[in-house]
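Below is one structure, written out as structure tokens, with a few remarks after it.
The values are calculated or read from the model by the stated rules, or taken from the named source; none is laboratory data. It should be emphasised that the depicted structure is a prediction, and the values quoted were computed from it without experimental measurement. Every residue, glycine among them, receives a Cβ derived from its backbone with ideal geometry; neighbour counts consider all protein chains shown. Remember, those area values only see protein heavy atoms, side chains included, never the ligands or the DNA or RNA. Shrake-Rupley method; radii C 1.70, N 1.55, O 1.52, S 1.80 Å.
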Amino acid sequence: MNAQGPTFSLEPALARALYPGTFDPVTNGHLDIIRRAAQLFDEVDVVVAVNARKTSLFTLEERVELVRACTRDLPGVEVLSHAGLMVECLRERKAQVLIRGLRAVSDFEHEFQMALMNKKLDPECETVYLMPSEQYTYLASSLVRELAALGADISEFVPPEVETTLRRKLAR
Ligand code: ADP
């Protein structure tokens with residue numbers, strides 16, 4: 001750090017970013033963010049989080065499998081899971097940046113709090129926010145789950161493999 005603030009560079013070291021989330025299930029909005037991140041960073045680890053505060057519809061393994069199936073063709077993208085602090089995962093993976101998606105102002109307060117707390121836990125942790133294409137700004141996994149449970153067409157919001165798995169899950 002100098003008088004002008006922190007000095008860091010994404011080069012020449014490999015720039016690796018983590019994109020953490022619950023992904024219950026992964027949507028076209030998440031995939032939009034993953035694609036954008038993959039263009040900005042050499043490597044993007046999508047980290048499916050074990051979230052004790054949230055009960056998920058899909059198991060951790062199912063969530064990982066679905067993200068993996070949907071990102072297979074994206075070079076530099078890896079999918080893993082993590083239980084515990086994301087700053088620990090950041091250190092383990094030797095990454096510099098956390099990616100989060102911002103849909104609307106409503107996301108901001110929670111995201112702001114998380115970014116500041118992560119910085120407190122690890123002053124080297126930088127959070128980068130990416131905005132999705134406009135058509136995904138109202139898309140959320142919770143909404144997709146609700147729509148699917150009510151029998152609505154969700155093909156516009158999730159990839160086909162997610163739609164099939166979600167329908168199968170809800171039919172049980
Ligand atoms: P979390 O429980 O961590 O919020 P989510 O899977 O809901 O997990 O979201 C992971 C990240 O992706 C969050 O930063 C969230 O704001 C972002 N996100 C979710 N849906 C979208 C979307 N449609 N467009 C852009 N970002 C999104």
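Before moving on, here are some points about what is shown:
- Residue identified as in contact with a strand residue (DSSP E or B) (Cβ under 8 Å, 6 or more places away or on another chain) and more than 24 Å from Glu65 (Cα to Cα) among Glu78, Glu111: Glu111
- So Ala38, is it of a type in the set (Gly, Ala, Ser) and within 12 Å of the ligand (Cβ to nearest atom): no
- Residues located in segment 109-127, provided they are more than 10 Å from the ligand (Cβ to nearest atom) and part of a helix (DSSP H, G or I): Glu109, Phe112, Gln113, Ala115, Leu116, Met117, Asn118, Lys119, Lys120, Leu121
- Residue that is nearest to the chain's Cα centre (by Cα) [pool: residues in segment 13-48 that are part of a loop (DSSP other than H, G, I, E, B) and more than 19 Å from Val162 (Cβ to Cβ)]: Phe41
- Scope segment 128-142; condition part of a helix (DSSP H, G or I) and among the polar types (S, T, N, Q); matching residues: Gln135, Ser141, Ser142
- Failed item, numbered, when Ser133 is tested on (1) among the small types (Gly, Ala, Ser); (2) within 12 Å of the ligand (Cβ to nearest atom); (3) crowded, with 16+ Cβ neighbours inside 10 Å; (4) touching a residue at least 60 places away in the same chain (Cβ under 8 Å): (3)
- Lone qualifier among Val162, Val97 - being among the β-branched types (Val, Ile, Thr), more than 19 Å from Thr71 (Cα to Cα), away from the ligand (no atom under 11 Å from the Cβ) and open to solvent by less than 100 Å² (accessible area, probe 1.4 Å): Val97
- Residue in segment 49-62 that is open to solvent by 90 Å² or more (accessible area, probe 1.4 Å), modelled with pLDDT of 95 or more and not in a strand (DSSP E or B) present: yes
- For segment 77-87, the count of residues that are in contact with an Asp or Glu (Cβ under 7 Å, 6 or more places away or on another chain), under 19 Å from Thr27 (Cα atoms) and open to solvent by less than 70 Å² (accessible area, probe 1.4 Å) is at least one.
- Matching entry among Arg91, Arg103, Arg145 (being within 15 Å of the ligand (Cβ to nearest atom) and open to solvent by 80 Å² or more (accessible area, probe 1.4 Å)): Arg103
- For Ala171: the one exception among (1) touching a residue at least 24 places away in the same chain (Cβ under 8 Å); (2) open to solvent by 50 Å² or more (accessible area, probe 1.4 Å); (3) of a type in the set (Gly, Ala, Ser): (1)
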